[in-house]
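Notes to accompany the following structure.
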Amino acid sequence: MFGITLSFVATRSGLSRFEDHRPDEERSNSSLESTFADVYNRATDELFYRRAVEYYRFNSSAFVFSVPFNVGEQSTNYVLGSHALFFGSGNKRAPAAVVGLLFKHNYFAQRFFNFSTLCLKSSCKINCSSPETDCFLLDNNGYVIVSEQQSHTGRFFGEVDRNMLKTMVELGIYKQIEMFDYQSICVQEVKDSSVAGVFRNPVSILSTVFLWIWSHLSMIFIHLYINSVNILGALSEFPYGRGPDLVHGSEDFAEKASTLLPNKTMPYPCDKKFYLYEMQKMTNDEPITGDYSKCEFCAEKYILQPVPFTNLILLVLQAVCPCSPETEKIVPQEIIYDGECTAERHHVDRTTAPPNITCHNHHPEEQEFKTCGSGWYTYPPNQPFVSMLTISITVFHFVFIKHLLAVNN
């Protein structure tokens with residue numbers, strides 16, 4: 001009825017016990033036991049184990065429900081509910097095990113939407129199956145567990161409605177926690193420099209044009225020579241008059257040679273910050289109602305109520321605004337320090353030289369190097385004899401190939 005497929009007990013030594021509750025017919029068509037045991041085999045390092053233990057300090061009787069991150073509209077989704085068992089007395093208490101249940105998400109969501117009255121008060125009549133309302137089940141970190149749109153499952157609620165998330169923060173239901181990453185990597189896009197802005201005299205420009213024409217002519221003759229050798233090799237494999245027709249490729253040489261080069265990037269160490277959200281302990285289970293601005297000229301009503309003995313909160317929105325809500329994602333942003341914040345950026349800019357070693361930042365023979373730069377130039381062969389020899393060989397091969405083709409025809 002509730003879509004429970006598996007119950008388990010996890011301890012420090014791993015997944016100690018589990019039992020499959022599916023019918024025999026469904027059990028024979030899949031291997032849920034082995035799959036679950038293979039995936040969740042890290043005991044105390046598993047996310048459901050750590051979340052259940054950490055949430056125990058907020059509510060020692062609560063079950064912690066979670067879904068995989070951003071699962072969306074996958075064919076088979078599961079809801080995992082876990083509860084931590086602590087043993088001891090007073091401040092000397094330690095987690096001994098975590099018990100849990102695995103639900104089918106579609107049964108879990110269907111059971112949620114089948115409730116006609118979702119408030120504790122008898123005067124509160126909310127039907128989540130109505131098109132005039134949008135209902136959500138959010139976990140203690142602001143992620144969607146159940147929504148009318150299957151694509152919202154596992155997504156951060158800020159990606160669904162940013163303004164409503166801010167309203168819940170202002171009401172004290174969620175607390176915005178600033179997190180820092182002091183070992184992050186930032187990527188800077190390196191733009192290619194251009195030489196178009198250099199002033200040059202007419203003689204230098206004409207010389208460059210002549211060198212460019214001569215270089216490309218030399219490259220054309222070299223390619224023609226290579227292609228002629230390939231044609232001769234192909235003709236030599238067949239007797240005259242019996243070879244296949246030679247059909248030239250339709251692809252242009254420039255299209256073959258051109259490649260889509262990615263943008264050049266330069267990674268560097270940096271600090272980043274981002275914001276996470278955590279549900280705060282609520283003193284009572286009474287529903288909270290009010291209005292919030294969904295978009296610039298439209299407001300909607302909302303109802304907020306924590307679900308007893310869980311880490312979930314029920315959110316009901318009045319779907320009357322024709323506009324789309326604003327959204328935001330949890331994306332780490334680079335921290336740009338001012339020049340005066342030397343204490344904070346000391347660990348980034350610190351360069352320590354080895355002790356008792358003299359640093360050399362200059363060499364007297366550096367001025368002798370003449371090959372730096374100008375790598376983008378395509379120069380022709382320096383010796384005219386080599387160029388003329390290449391042209392002569394190419395012309396000879398063309399004449400020879402033309403003669404062979406005439407004899408073959």
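Report the full-extension gain for the segment Asp38 to Lys301: residue separation times 0.36 nm, less the Cα-Cα distance, to one decimal in nm. Present the calculation step by step, with values, prior to reporting the outcome.
Details: separation 263, 0.36 × 263 = 94.68 nm, distance 4.52 nm.
Value of the extension gain: 90.2 nm.
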Quiz prompt | Neighbour-count order for His362, His152, fewest beta carbons within 10 angstrom listed first | solution = His362, His152
Quiz item: Considering amide H positions built from the backbone, and no H for Pro or chain starts, which residues 5 or more places from Val160, or on another chain, come under 5 Å of its amide H?
Solution: Glu328
Quiz prompt | Interchain or long-range residues, amide H under 5 Å from Phe63's placed H | solution = Thr310, Asn311
Exercise. Give Lys92/Lys272; Lys175/Lys301; Lys92/Lys175; Lys281/Lys329; Lys166/Lys272 a once-over and call out the pairs whose C-alpha atoms are over 30 Å from each other.
Key: Lys92/Lys272
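Over all distinct Cα pairs, what is the inverse of the mean 1/r for the stretch 1-114, reported as the Kirkwood hydrodynamic radius in Å? Numbers along the way, then the final one.
Details: mean 1/r = 0.0663 Å⁻¹.
Evaluated on the stretch 1-114, it is 15.1 Å.
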Practice problem: Would you pull out the residues with amide H under 5 Å of Ala97's amide H, same chain only if 5 or more places away, H placed 1.01 Å from N? | Solution: Leu85
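Here, each number is a calculation from the coordinates, and none is a lab measurement. Everything numeric in this text was worked out from a predicted model, so none of it was measured. No Cβ is skipped: glycine too gets one built from the backbone with ideal geometry, and neighbour counts run over all protein chains shown.
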